[in-house]
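Quick notes on the structure that follows.
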Amino acid sequence: MCKEFMLGNEAIARGAAEAGVRVVAGYPGTPATEIVDLCGGYPGVYAEWSANEKHAFEVATASSLTNQRSMAVMKHNGTNAAADFLMHVNFTGIRAGMVLVTADDPGGLSSQCEEDTRILVHNYAHLPMFDPSSVQEAYEMTKAAFELSEKTEVVFALRPVMRVNHAGGLVEHGELGAESRPAEFVIDRKRFVMSAVVEKESGGELRPKMRHRWLNAKQAELRAVMEASPFNSVEKAPGETGFIGCGIGYAFLKEAERIHGAKLPILKLSTLPLPEGKVLDFVRGLKRVVVFEEVEPVVENIIKQLCFEHKIVLEVLGRSGYLPKEGELSANLVLTAVEAALAGKPYPAPPQGQYVPARTRTQCSGCSHRGLLVALKEVVRGNGGVVTGDIGCHDAGTFEPMNLQATIYCMGSSIPMAYGIKKAGFDKPVYALIGDSTFFHNGLTGLASAIYNGADITVVIAYNSTTAMTGFQPHPGSANNLNQPVAPIEPGAVAAAMGAKVFRCNPYNVEETARVIAEATAETGVKVVVAEALCYLKFGREGRISYTPRQVAVDVAVCNGCGLCVRTFGCPAITLSDGKAVIEPSACNGCGVCVSVCKRGAIK
Amino acid sequence: MKFDLVIAGVGGQGNILASQVVAKCAMDAGYNVVNTETKGAAQRGGSVLSHVRIADGEIFSPLVPAGQADVLLGFEPLEALRYIGLLSKKGTFIINTAPVPTILANLKVDEYPSTEQIVAVIREKGLAGHFLNATRAAKELGNVLLTNVVMLGAFTAVSNILPPDVVLKKLLTMVDEKFHADDSRAFAVGRGLIGKEG
């Protein structure tokens, strides 16, 4: 045993490595991102960035069927992308231990939505899940999940929330050195060919129904596993009101108990299915329980159902209405709820906070996306067009001062959204703005769909050779994969092969970019503009940037303080002071794009 | 023993490095430590909040609960104001008074409060602490990026949880050798600012 300070994501990678994981596949998505890179650092582990989460899940499952322990890593939105495969692997089961890490982001602190993957993975796909309450537990649960998955032949999911992925703490861990095993693929078509075929031995039943029966029968075994699990436990104390902490909800509950100052009856629930025996033992004799879970009332509803079935009269409070239905829990929220519940009172409405000016996201100073956004905006403002947006650093172009993209949904939506607007009869130009990583993730099929359906749109690909938003992970358009050099797949070449008319421009040159976008707009059909420049922040560290750095300064004699540079450009290095633009030298990275933005020529 | 520190700032100010120095020193001293950061696209100018929780027993929540922080280091005045509610009534703040304007304030969509307004709001809460201009001090030392080291030095002057020389030594192990002389000076300047300003 060894004690080390680790991030939650480091602890998960460590647990997987100790459990003998051999194949790890994922797509970058905060808060889970670091796990794939970290796994790749362990000897004998093959780790990869897949083009999207569905493919990562498929690669990991195939490895499990080949007798190698495997892990698929993604965030909650990514699990939606993988849902199609998820709804089949639950029926087939797996062979070697396999873990799905699906990290949730309560509060949507770095996401487009907040959602609870327990509903998709457990309630819908009926797979077992672990919900860690601490970094230590994330490590232990990862190891346990591999063992139990292999024993039950079912994928186990680990569902850390952001506060576990990105918390650091001391972790007591074991040794590496799991034995390697032969890579054997045993063909078993009855299990791994999911087709509507008739099974003779089950009286002519269709295979999907038979495998569904298998999955349902598994639940009893999984419940027994969770009943015996050390991750669920009871802390006794007198009182008629009990408190249930799930995952990080337990950590906040313990903190609230400390501040409250008196011992509370607490049930820690960290698994799905729930240990029904433990739950029933805990609630018998209580008048009410409050369930603290992130984010939906999943456990709360199961407990209500359980009490109904066992004819137990119990008030079950939680996320269905007693606590706020949206957003993260916190120790303070839990403390407030504990004290209100003990007094038999409703959860009090939080006091209205005082507004403190927000810090909205923007592109870094020196980022090529800012030039691209300015150029695209110039064209669109001229022709009354609409821009549909996608996920990536450029999506900050939707906010002040750019106010450019009109829609942002999920990975790859920009292209079908764009041509949908045209098909609805909109007669002005429509542009889809998408990043390179997202293009490979789920943009390719959208582009094929657009071309196949005879769309008339302009797709703008912001090609900066990295997935910058999550911390610079590579993708098929990058020249490396987990630090191994590879030949990049160039988005423009792919688009051309699909039949799109392809244009290219350098986004650091606003004039050229606007001209090329305008030229592409004038053509009919699906046009693709590839705006190519290396991500300044990533490649600048390696001494590779796509512009010649220059010192820029405001000529105060020429500047009339019109504020165009601030109002339309929004570079964080430029502010207005005493009626003149000021460029803060320590914040400026010398890209020089602002020079062309100032119509008076005051920036030199 | 329980000690909670929060550091509020803006992406790029070296907030996370400062929190890691404190966390590592506390670990070396044999304490249990849990930390986390709350950051919204920090590289792109967002707000960054680091939590460092130190105790000689178990620590549950990685987040410092409201009203529980022993020290709040505000690397930027607006961010300090945003998170001042985390500070305990018995706690101490150290707030750098040099503002980093927000984009919306530049656009006149929001109004960035004046330093006087921020100071007044915080003083009104009856909290104790120090206002100082760490950014100016860092600039005078020749590099605005030394702001976090000035603040770290100031921290060791208000809290005796970790010996100053240990904190400085740990910091130096985490940065390139060519910065050691500047960092040592900035650290000393930060210690000196407590009592002198605010």
In segment A:166-237, the trypsin sites (Lys or Arg not before Pro) that fall in loop regions by DSSP, at most 16 other Cβ within 10 Å: A:K236
Candidate lysines - alpha carbon under 23 Å from A:K580, same-chain residues fewer than 8 apart omitted: A:K599, A:K604, B:K108, B:K139
Average partner coverage of B:64-77, which counts Cβ from other chains inside 10 Å: 2
Under 12 Å from the Cα of A:K527 - aspartates and glutamates, other chains or at least 8 residues apart: A:D456, A:E519
Spin-label model distance (nm) - A:T445 vs A:E199, 7 Å beyond Cα toward Cβ: 2.8
Extended-chain gain in nm, criterion 0.36 nm per residue less alpha-carbon gap, A:E4 and A:D84: 25.0 nm
Local net charge near A:A183, Cβ-Cβ under 14 Å (Lys/Arg +1, Asp/Glu -1): +2
Simple spin-label estimate for A:E315 and A:R515 in nanometres, 7 Å along Cα-Cβ: 7.3
Solvent accessible area, Å² - A:R69, 1.4 Å probe, full protein context: 20
Taking the convex hull of Cα positions in segment A:491-604, its mean projected area over all directions (nm²): 8.5
Prolate/oblate/rounded label for segment B:49-198 (Cα gyration tensor, a/c 1.5): oblate
Convex hull volume of segment A:514-571 per residue (C-alpha atoms, cubic angstrom): 154
Local net charge near A:E519, Cβ-Cβ under 14 Å (Lys/Arg +1, Asp/Glu -1): 0
Förster radius 60 Å - calculated FRET efficiency between A:E276 and A:R541 (Cβ-Cβ, nearest 0.05): 0.70
Efficiency of FRET from Cβ geometry, A:A224 and A:A178, R₀ 25 Å, rounded to 0.05: 0.45
Sequence-distant aspartates and glutamates (8 or more away, or on other chains) whose Cα lies within less than 18 Å of B:K89: B:D4, B:D70, B:E124
Percent antiparallel among DSSP beta bridges (both partners in chain A, rounded to 5): 30
Cα gyration tensor category, rounded, prolate or oblate, for segment A:224-320 with a/c compared to 1.5: rounded
Candidate residues A:S596, B:S184, A:S64: accessible-area rank, largest first, probe 1.4 Å: A:S596, B:S184, A:S64
Residue mean of other protein chain beta carbons inside 10 Å, A:574-586: 2
For peptides A:53-61, A:547-555, sequence by mean Cβ density within 10 Å, most packed first: A:53-61, A:547-555
Rounded if a/c under 1.5, otherwise prolate or oblate - the protein assembly as shown, Cα gyration tensor axes: oblate
Accessible area of segment A:57-112 divided out per residue, in Å², using a probe of 1.4 angstrom: 22
Furthest towards positive pole of dipole, B:T92, B:T115, B:S159, structure part segment B:2-193, Cβ charges: B:T115
Accessible surface buried once B binds A (1.4 Å probe; total of both sides; Å²): 3600
Packing rank of A:28-39, A:315-326, where each peptide gets the mean count of other beta carbons within 10 Å, highest leading: A:28-39, A:315-326
Cut-off under 5 Å, modelled amide H: who pairs with A:G97 long-range: A:E150
Cβ-derived FRET efficiency at R0 35 Å, A:Q112 paired with A:T568, nearest 0.05: 0.85
Solvent-accessible ranking of A:E523, A:E490, largest area first, probe 1.4 Å: A:E523, A:E490
Accessible-area ranking of A:L222, A:L576, largest first, probe 1.4 Å: A:L576, A:L222
Separation between Cα centres of segment A:413-487 and segment B:53-104, rounded to whole Å: 41
For segment A:175-214 and segment A:350-372, distance of Cα centres in Å: 50
Accessible surface of the protein assembly as shown, 1.4 Å probe, proportion on carbon and sulfur as whole %: 54
Environment charge of A:T241, counting only residues whose C-beta is closer than 11 Å and scoring Lys/Arg +1, Asp/Glu -1: -1
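The values are calculated or read from the model by the stated rules, or taken from the named source; none is laboratory data. Keep in mind it's a predicted model, so treat the numbers as computed, not measured. Neighbour counts are summed over all protein chains in view; Cβ atoms, including those assigned to glycine, are modelled from backbone coordinates with ideal geometry. The accessibility values were calculated without ligands, DNA or RNA, using every heavy atom of the protein model including side chains. Shrake-Rupley method; radii C 1.70, N 1.55, O 1.52, S 1.80 Å.
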